[in-house]
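The values are calculated or read from the model by the stated rules, or taken from the named source; none is laboratory data. These numbers come from a predicted model, not from an experiment. Please note: Cβ atoms are built from the backbone with ideal geometry, for glycine as well, and neighbour counts cover all protein chains shown.
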């Protein structure tokens, strides 16, 4: 009853046997040990489990793993380059946009997908971009400031 | 130049890089070899007798390793108010009776979550359903069913606070107002749900990894409930996804995982799902508030009388503290010469209400600040002016309750007044409302009955001058690891990066009561400062000998340079002295010890923060919809230790407190919560978030480390009241029940319109 899932995660190819009902989130956390992606609401309502699937930010708790067959996924573990943090990661730290940190991986993945699509996002677009995420600690404004500074080029990406 | 090198500087949060890279391991991310997964069966009835529990089928199921019910416990009831056995009323695994929908009755450990879940369905529980009561006003009547044996009228606790002569004072008042308010519930809504991994080994030792605000409390409470010795239990607090008051009591995940693990000597992990988190953990206390306030014509407040009935839910929990604090903070931050409070906490067949950020003060501040504005309006006095006239000042004594030392309330008032003036004339349907508040920096009363100091710390200096700090304080996302590291670095005169902190592991850290009541900056901070000073003193002995200084000279360390305070150029490298000191002490590591317990027993807290918030709203009079545009807060938290942390606390508090004012609620019907999912539980998201501004006030608190005091919870207090007052300023309607939903504003506007029409007709 298990089926084969071929998936590329953070640049590495995997071939796994999964049950049809297994969620993408479960494959990442339980099969691949990538626990940076968080489970928080079970209903696609909080954004904590967001990953980038073929360039698009998706909630991995709302996608069956087999739906992602043949796809390429980027999780929080794939955001830094070597030992160098991604500009968004640096900006989040400097602006205190991280407190308990449980929403942070999902928030970062959404922000990355948003800036990949629209590198000049303005304040309103940034607010809209993270509106699907709940952060119970920061009150969002520090997140908006952090992302805005990345848009402004205050943080340079390591190539 | 600042007199401090480290505190007050902007630093990245300790553990921050782990969090932004996904490397931070939370309890829910930890997996141990051979680990089992646990699930909890909960009562579907609000009030019922348990006649029989049949677990045989579940036990036989393939993959199931253990099943526990109340029969597997030692039959004790627990509660966090340990000093009062009558308030220890919760079995966690119920043996004879369930008291709310969600009360645990059995728990299963299996090879995976699916199997555990399926096994729950095989457990057969026979209940005899009992009549239930949900509203506290009904619960305290003769007709109501009794929820706990021997507790008459379901009154769990009552509280009385009084000073002056209230009845006489009311006779001298020019104007008296009597008002009623209803404060709703609120879910903590931590992003990480309650969870625990318990591992009991064949040597009889238990290790628990858990998402908690107090490792020490969990250790001690587990000891009582499992009949073990304290030293055989080690509680470790990994990265924790928020607490907000929900995670310092023993919870069902911790207890059931421990009990199951004890049965099979294998690690057991239990993670509550979001539905359980909403329905079966604890929540903010709903309150019925009755207020009487008397003043002179000039706005001088003479007397206040407060009566409160709270919806306690099924058990005591920290509800007893919330009941006391709401009564105390109802007098805040004003100098009432005469004051009386009577509070009653009623048991009901609903989810237990307990501690939540602000701890009774968001309720008292909403009702108090609403009524104060109404009083000011009646008397024709400006809201700022009435607060200035009656506001607390430094060194004020609340009779029998509190010694205030630092108090920046009046500076806060000046700053907010200037801010409001700066906003100029507002367009129609816009208003700015204010609310003043204060909060404690940790509690003094020892209801937990700990023999330990309330906070303690160990500072270890290594051969290379790097420093390890051991503290029982819990880092739950609020930044205490960062704040305590800053304090240690400042005291020792080293860099922030030289510090490595180890917190909230009862196996290696000294006991600390944990992260609640805004206590850690002041209490754990004082302990860390003292430990650092102790370690520093040991270095100074060697430095003094090396420098050959006269005994009259004082030494200090700054930026790694040990020097004469009066002649800073004369000194010696900190790193050289560390090496010399360790050699000189027979190779013994330099260890400093510190502890702190507040004095002035019987008083509420060692120090108080103060502030005022101005909320600006715009109301659409057609629909009642309103937008919170701007929240500006002048806040006195003493010397700022960690500015990035304070900004985060302040803005985050507005999200939570604004939500309490605007939309967050947990309505229930026959004891069943109607919105137990994130999609249905309304809260403030990024698009609803107002602009936030912070106006810092510079004060020095003599009791706090480097003059610091509370900065985490007080900020949760003002927003609901400020929103209510702003709506009144904008469109002239007053909402006395939380949350202030657009629907309520719409209805009030229609009501107002009707009244005005009637008036006009009469005039004609």
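When the range B:677-696 is filtered for residues that are crowded, with 19+ Cβ neighbours inside 10 Å, more than 18 Å from residue B:648 (Cβ to Cβ) and more than 7 Å from chain A (Cβ to nearest Cβ), only B:681 remains. Here residue A:89 clears all of (1) within 9 Å of another protein chain (Cβ to nearest Cβ); (2) farther than 14 Å from residue A:154 by Cα; (3) without any contact (Cβ under 8 Å) to a residue 40 or more places away in the chain; (4) crowded, with 21+ Cβ neighbours inside 10 Å except the condition numbered (2). Taking the criterion of being in contact (Cβ under 8 Å) with a residue 40 or more places away in the chain, buried (at least 21 other Cβ atoms within 10 Å of the Cβ) and either touching a strand residue (DSSP E or B) at 6+ places or on another chain (Cβ under 6 Å) or closer than 23 Å to residue B:126 by Cα (or both), the residues of the range B:80-94 that qualify are B:89, B:90, B:92, B:93, B:94.
Any residue that is closer than 27 Å to residue B:711 by Cβ, touching a strand residue (DSSP E or B) at 6+ places or on another chain (Cβ under 8 Å), touching a residue at least 24 places away in the same chain (Cβ under 8 Å) and more than 8 Å from chain A (Cβ to nearest Cβ) - is there at least one of those in the range B:662-673? Yes; the residues of the range B:662-673 include at least one that is closer than 27 Å to residue B:711 by Cβ, touching a strand residue (DSSP E or B) at 6+ places or on another chain (Cβ under 8 Å), touching a residue at least 24 places away in the same chain (Cβ under 8 Å) and more than 8 Å from chain A (Cβ to nearest Cβ).
When you look at residue B:253, is it within 14 Å of another protein chain (Cβ to nearest Cβ), buried (at least 24 other Cβ atoms within 10 Å of the Cβ) and within 24 Å of residue B:90 (Cα to Cα), yes or no? So residue B:253 does not fit the description; no. Listed conditions (1) modelled with pLDDT of 95 or more; (2) assigned by TED's automatic domain parsing to the domain that holds residue B:740; (3) more than 22 Å from the chain's Cα centre (by Cα) are all met by residue B:440, apart from (3). Residue B:303 meets each of the listed conditions (1) assigned by TED's automatic domain parsing to the domain that holds residue B:376; (2) closer than 20 Å to residue B:668 by Cβ apart from (2). The condition of being assigned to a helix (DSSP H, G or I), more than 20 Å from residue B:409 (Cα to Cα) and in contact (Cβ under 8 Å) with a residue 24 or more places away in the chain holds for only one of B:659, B:624, that being B:659.
Here the condition is being assigned by TED's automatic domain parsing to the domain that holds residue A:8 and touching a helix residue (DSSP H, G or I) at 6+ places or on another chain (Cβ under 8 Å); of A:97, A:65, it holds for A:65 alone. Highlighted here are the strands (runs of 3 or more DSSP E) found entirely within the range B:379-491 that include at least 3 residues which are closer than 29 Å to residue B:615 by Cβ and touching a strand residue (DSSP E or B) at 6+ places or on another chain (Cβ under 9 Å): B:430-440. Candidates in the range A:108-131 are the residues that are assigned to a loop (DSSP other than H, G, I, E, B) and facing chain B (nearest Cβ under 8 Å); of these, the one that is farthest from the chain's Cα centre (by Cα) is A:131.
Of all residues in the range B:106-131, those satisfying the criterion of being in a loop (DSSP other than H, G, I, E, B) and over 27 Å from residue B:267 (Cα atoms) are B:130, B:131. Restricting attention to the range A:5-25, and to residues there that are crowded, with 19+ Cβ neighbours inside 10 Å and not in a strand (DSSP E or B), which single residue is farthest from the other protein chains (Cβ to nearest Cβ)? Only one residue tops the list, namely A:24. Residues of the range A:132-154 that are in a helix (DSSP H, G or I) and either in contact (Cβ under 8 Å) with a residue 40 or more places away in the chain or farther than 30 Å from residue B:712 by Cβ (or both): A:142, A:143, A:145, A:146, A:147, A:149, A:150, A:151. Here the range B:629-656 is the region considered, the condition is being crowded, with 24+ Cβ neighbours inside 10 Å and in a strand (DSSP E or B), and the residue that is nearest to the other protein chains (Cβ to nearest Cβ) is B:631. Listed conditions (1) more than 13 Å from chain A (Cβ to nearest Cβ); (2) touching a strand residue (DSSP E or B) at 6+ places or on another chain (Cβ under 8 Å); (3) crowded, with 18+ Cβ neighbours inside 10 Å; (4) touching a residue at least 60 places away in the same chain (Cβ under 8 Å) are all met by residue B:69, apart from (4). Of all residues in the range A:64-86 being at the interface with another protein chain (Cβ under 8 Å from one of its Cβ atoms) and out of contact with any strand residue (DSSP E or B) (no Cβ under 6 Å at 6 or more places or on another chain), which is nearest to residue B:647 (Cα to Cα)? The qualifying residue nearest to residue B:647 (Cα to Cα) is A:85. The condition of being farther than 19 Å from residue B:103 by Cβ and in the same structural domain as residue B:115 (by TED's automatic domain parsing) holds for only one of B:269, B:292, that being B:269.
Among the numbered conditions (1) outside any helix (DSSP H, G or I); (2) over 9 Å from the mean Cα position of the chain (by Cα); (3) more than 10 Å from chain B (Cβ to nearest Cβ), tell me where residue A:51 comes up short. With respect to (1) outside any helix (DSSP H, G or I); (2) over 9 Å from the mean Cα position of the chain (by Cα); (3) more than 10 Å from chain B (Cβ to nearest Cβ), residue A:51 is out only on (2). Might you check whether a residue that is away from chain A (no Cβ under 14 Å), modelled with pLDDT of 95 or more and closer than 20 Å to residue B:265 by Cα occurs anywhere in the range B:40-52? Checking the range B:40-52: at least one residue is away from chain A (no Cβ under 14 Å), modelled with pLDDT of 95 or more and closer than 20 Å to residue B:265 by Cα.
Residues in the range A:132-152 that are within 9 Å of chain B (Cβ to nearest Cβ) and either at pLDDT below 95 or more than 17 Å from residue B:652 (Cβ to Cβ) (or both): A:132 alone. Residues in the range B:735-747 include none that are more than 30 Å from residue B:333 (Cα to Cα), in contact with a helix residue (DSSP H, G or I) (Cβ under 8 Å, 6 or more places away or on another chain) and assigned to a helix (DSSP H, G or I). Restricting A:56, A:114, A:74, A:107 to residues that are surrounded by fewer than 21 Cβ atoms within 10 Å (Cβ to Cβ), modelled with pLDDT of 95 or more and over 30 Å from residue A:15 (Cβ atoms) narrows the list to A:114.
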